[in-house]
Amino acid sequence: MWFGALLILLFVSLGAKASECGSQSLIISYRTTPAGRPGLLGALRTRLAPRLEKLRARDALSHYRILFSRFVDSQTWDALVILEFRNDAQSTAWRHVDQKTPGGIDTKNLATSLALESTVSDCVGHGGPLSGNPDPVYMAIPYDYFVSPAEYAAYARAYVEPQTNGWMNAGALNAYQLYMARYPAGRSWMSLLLLAYHGDAGLNERNAVVAATRKSLATNPEWTARAQGKQHIRAEKAAMIADMIAGQ
């Protein structure tokens, strides 16, 4: 618990705004074979989504999002589920579900095998609503970092958030969340930046908006110093494009 408390205290001290994100997040990745994608998508829609909505309706879950990757990619996940818990009672409710039905899906009814990874996380930066507004297109960017959690969080506050806020101001991005794995050793990612674009139009503007925002930030000495040293802070991994098939 000390790790999550450390991150929360750090961002409060840095001036972080109140967030829709819970006191704890759980990010679950689902990976199947190319042939198994249709079955997985159906299970997410017909089994997992109703289960999560029932939990939310009885206040056993704060928020949830179910994302499905747009294209097959055997090197990474096919679906990503983000659960937000407001308190320990909510996270305990999900543990009870997971013990009986791992990942919230009855895998014996799937035609192909399914690999799951559940990562307990803390939402340490955010902007906009968790739902991402109507018809968001998501980009999920995983990172590994080479500094302490506190140093990485400070880097994200000084370098990442000025950019994401700029993308929102430009109208391309509806919302973003930055998550840090609470127990990152051996995980497929240590931090995850989740970007909810304003539909395909917003996603298509990404490169131009990124360039324009960075140009405007280049006059900020602190941001420029962070930009020049970022390769010593973190390594960016393969980004994924996904659509939200359910969420509240």
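Restricting attention to the range 54-80, the residues being surrounded by 15 or more Cβ atoms within 10 Å (Cβ to Cβ) and not in a loop (DSSP other than H, G, I, E, B) number 11. Among residues of the range 95-110 that are surrounded by 15 or more Cβ atoms within 10 Å (Cβ to Cβ), those with a Cβ under 7 angstrom from a residue that is assigned to a loop (DSSP other than H, G, I, E, B), sequence gap 6+ or separate chain, pair up as THR107/LEU114. The criterion of at least 1 residues that are within 21 Å of LEU26 (Cα to Cα) and of a type in the set (Gly, Ala, Ser) is met, among strands (runs of 3 or more DSSP E) falling completely within the range 186-248, by 191-197, 240-247. The set of residues in the range 168-180 being surrounded by fewer than 23 Cβ atoms within 10 Å (Cβ to Cβ) and part of a strand (DSSP E or B) consists of ALA175 alone. Check whether at least one residue in the range 148-167 is part of a loop (DSSP other than H, G, I, E, B) and surrounded by 19 or more Cβ atoms within 10 Å (Cβ to Cβ), and report yes or no. No; the residues of the range 148-167 include none that is part of a loop (DSSP other than H, G, I, E, B) and surrounded by 19 or more Cβ atoms within 10 Å (Cβ to Cβ). Being over 15 Å from the mean Cα position of the chain (by Cα), under 29 Å from ALA238 (Cβ atoms) and at pLDDT 95 or above holds for only one residue in ARG70, ARG47, ARG37, and it is ARG70.
If you take the residues of the range 147-182 that are within 15 Å of the chain's Cα centre (by Cα) and of a type in the set (Gly, Ala, Ser), which of them is farthest from GLY229 (Cα to Cα)? Going through the qualifying residues, I end up with ALA175.
Run down GLU222, GLU236 and say which single residue is within 26 Å of ASP78 (Cβ to Cβ) and of a type outside the set (Lys, Arg). Quick ask: steps written out before the conclusion?
Details: GLU222 fails: within 26 Å of ASP78 (Cβ to Cβ).
That would be GLU236, the only listed residue that is within 26 Å of ASP78 (Cβ to Cβ) and of a type outside the set (Lys, Arg).
The residue list ARG187, ARG214, ARG182 contains one member that is under 14 Å from GLN163 (Cβ atoms) and of a type in the set (D, E, K, R), which is ARG214. Taken over the range 197-231, the residue count meeting the criterion of being within 23 Å of the chain's Cα centre (by Cα), touching a residue at least 24 places away in the same chain (Cβ under 8 Å) and closer than 19 Å to ALA153 by Cα is 3. Condition check for ASP144 on (1) part of a strand (DSSP E or B); (2) under 24 Å from ARG226 (Cα atoms); (3) touching a helix residue (DSSP H, G or I) at 6+ places or on another chain (Cβ under 8 Å): one failure, at (3).
All conditions in (1) over 28 Å from ALA218 (Cβ atoms); (2) out of contact with any Gly (no Cβ under 6 Å at 6 or more places or on another chain); (3) in contact (Cβ under 8 Å) with a residue 60 or more places away in the chain hold for ILE141, with the sole exception of (1).
The values are calculated or read from the model by the stated rules, or taken from the named source; none is laboratory data. Just so it is clear, the model here is predicted, and its values are computed rather than measured. With ideal geometry, Cβ positions are generated from the backbone for all residues, glycine too; neighbour counts draw on all protein chains shown.
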